[in-house]
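Q: Quick one: this structure, given as structure tokens, is what I'll be asking you about.
The values are calculated or read from the model by the stated rules, or taken from the named source; none is laboratory data. These numbers were taken from a predicted model, which means no experiment stands behind them. So basically every Cβ, Gly included, is an ideal-geometry build from the backbone, and we count neighbours across all protein chains shown. The accessibility values were calculated without ligands, DNA or RNA, using every heavy atom of the protein model including side chains. Shrake-Rupley method; radii C 1.70, N 1.55, O 1.52, S 1.80 Å.
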Amino acid sequence: MKKFKLYLDKDEEENWLNEMAKRGFAFNNFFLGIYSFEPCKPGEYNYQIDLLDNWHGDKSDFSCFMEDSGVEVVSQWYRWIFIRKKASEGAFQMYTDGESKIAQYTRIRNFFTVALIIEAICFLIELTCAVQNGASFIWTFVALLGLITLTFLRIVWKCNWKIKQLKNEI
Amino acid sequence: MDKNSPLTEALFYILLAVRKPNYGYGIIQDVLEMTKGRLSLGPGTLYGAINSMVSKGWITLYSEDKESRKKKEYLISDTGRQVFKEEVKRLEELVSNSKQME
């Protein structure tokens, strides 16, 4: 089975994958918003999503380590990694203390900050074009880029909020 | 004493678990055993902690099994032992002062 979804919030995405696994659909691949599932026993797996620490998306060291630690790396999309563990082997949390959770959300925030800056630049260039040219289809692009920029801004803000919450808990 | 102290629980127990060569799953299991199931290290937390301790020189890569899978084993270094000792000294001070409460 395949499903198309667009997620920017990895926590919501994680919840959805775990919900699907509970219903007997085990996620096994991601590509450009298309999630592939195969049948599994309801609740067989627990899923987690992580962002690699390096910008070229090299997962070899990470994957080896995860397999040595008893979890399975299911799929990768650039720096995003999908990991799962059989529910029968116990609870599964990638990050179990405040410090490492903060490090993860900081990584995610930095990732989206770069995306945000790039989108904001594109938006400004497109806006300049639209003002000079005035064609309505360019304005459509301006609106679209504006929307994407705002979405990224929201994610960065949300990460900052989470980091603040976690720091208060330590 | 420097910024290394206090150690987080995760770092403290990982250092203990690599007093002999140990790898990912082994470390998680040993820590579970030592704490009677209380402290369960997430693999992500462990991965980050190990990488940061390797770069600080507290632990070293002991062996890499190149045959079937790369199972990496880690071992505490002299610097790591020093850091651990300092931490224990601090903890002993805490415990000895705590007696005043009795």
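Q: Among the residues of the range A:1-30, what is the count of those that are touching a residue at least 12 places away in the same chain (Cβ under 8 Å), outside any strand (DSSP E or B) and not small (Gly, Ala, Ser)?
A: Qualifying residue count, the range A:1-30: 13.
Q: Which is open to solvent by 20 Å² or more (accessible area, probe 1.4 Å), at positive phi and within 11 Å of chain A (Cβ to nearest Cβ), of B:57, B:48, B:37?
A: Of B:57, B:48, B:37, the one residue that is open to solvent by 20 Å² or more (accessible area, probe 1.4 Å), at positive phi and within 11 Å of chain A (Cβ to nearest Cβ) is B:37.
Q: Considering only residues that are facing chain B (nearest Cβ under 7 Å) and in a helix (DSSP H, G or I), look in the range A:92-103 and name the one that is most open to solvent (accessible area, probe 1.4 Å).
A: That would be A:99.
Conditions tested, residue by residue: (1) at pLDDT 90 or above; (2) over 24 Å from residue B:26 (Cβ atoms).
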{"residue": "A:56", "(1), (2)": "no, yes"}
{"residue": "A:70", "(1), (2)": "no, no"}
{"residue": "A:88", "(1), (2)": "yes, no"}
{"residue": "A:129", "(1), (2)": "no, yes"}
{"residue": "A:157", "(1), (2)": "yes, yes"}
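Q: For the range A:42-74, what are the residues that are polar (S, T, N, Q) and either over 20 Å from the mean Cα position of the chain (by Cα) or more than 10 Å from chain B (Cβ to nearest Cβ) (or both)?
A: Answer for the range A:42-74, where residues must be polar (S, T, N, Q) and either over 20 Å from the mean Cα position of the chain (by Cα) or more than 10 Å from chain B (Cβ to nearest Cβ) (or both): A:46, A:54, A:69.
Q: Here is a follow-up. Return a yes/no flag: does the range B:26-34 have any residue that is more than 13 Å from chain A (Cβ to nearest Cβ) and either loosely packed, with under 15 Cβ neighbours inside 10 Å or among the hydrophobic types (A, V, I, L, M, F, W, C) (or both).
A: yes
Q: Let me ask something else. Taking the range B:2-25, which residues are open to solvent by 50 Å² or more (accessible area, probe 1.4 Å) and facing another protein chain (nearest Cβ under 10 Å)?
A: Scanning the range B:2-25 gives B:9, B:23, B:25.
Residues checked against (1) among the hydroxyl-bearing types (Ser, Thr, Tyr); (2) closer than 30 Å to residue A:116 by Cβ:
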| site | (1), (2) |
| --- | --- |
| A:4 | no, yes |
| A:7 | yes, yes |
| A:12 | no, yes |
| A:18 | no, yes |
| A:22 | no, no |
| A:31 | no, yes |
| A:36 | yes, yes |
| A:40 | no, no |
| A:45 | yes, no |
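Q: Same structure, new question: Does residue A:116 satisfy the criteria of being over 18 Å from the mean Cα position of the chain (by Cα) and in the same structural domain as residue A:164 (by the TED database)?
A: no
Q: Of the conditions (1) free of Cβ contacts under 8 Å to residues at least 12 places away in the same chain; (2) touching a Phe, Trp or Tyr at 6+ places or on another chain (Cβ under 7 Å); (3) within 23 Å of residue A:6 (Cα to Cα), residue A:65 satisfies every one except a single condition; which number is it?
A: (3)
Q: Taking the range A:33-58 on its own, how many of its residues are buried (at least 17 other Cβ atoms within 10 Å of the Cβ) and over 15 Å from residue A:111 (Cβ atoms)?
A: 7
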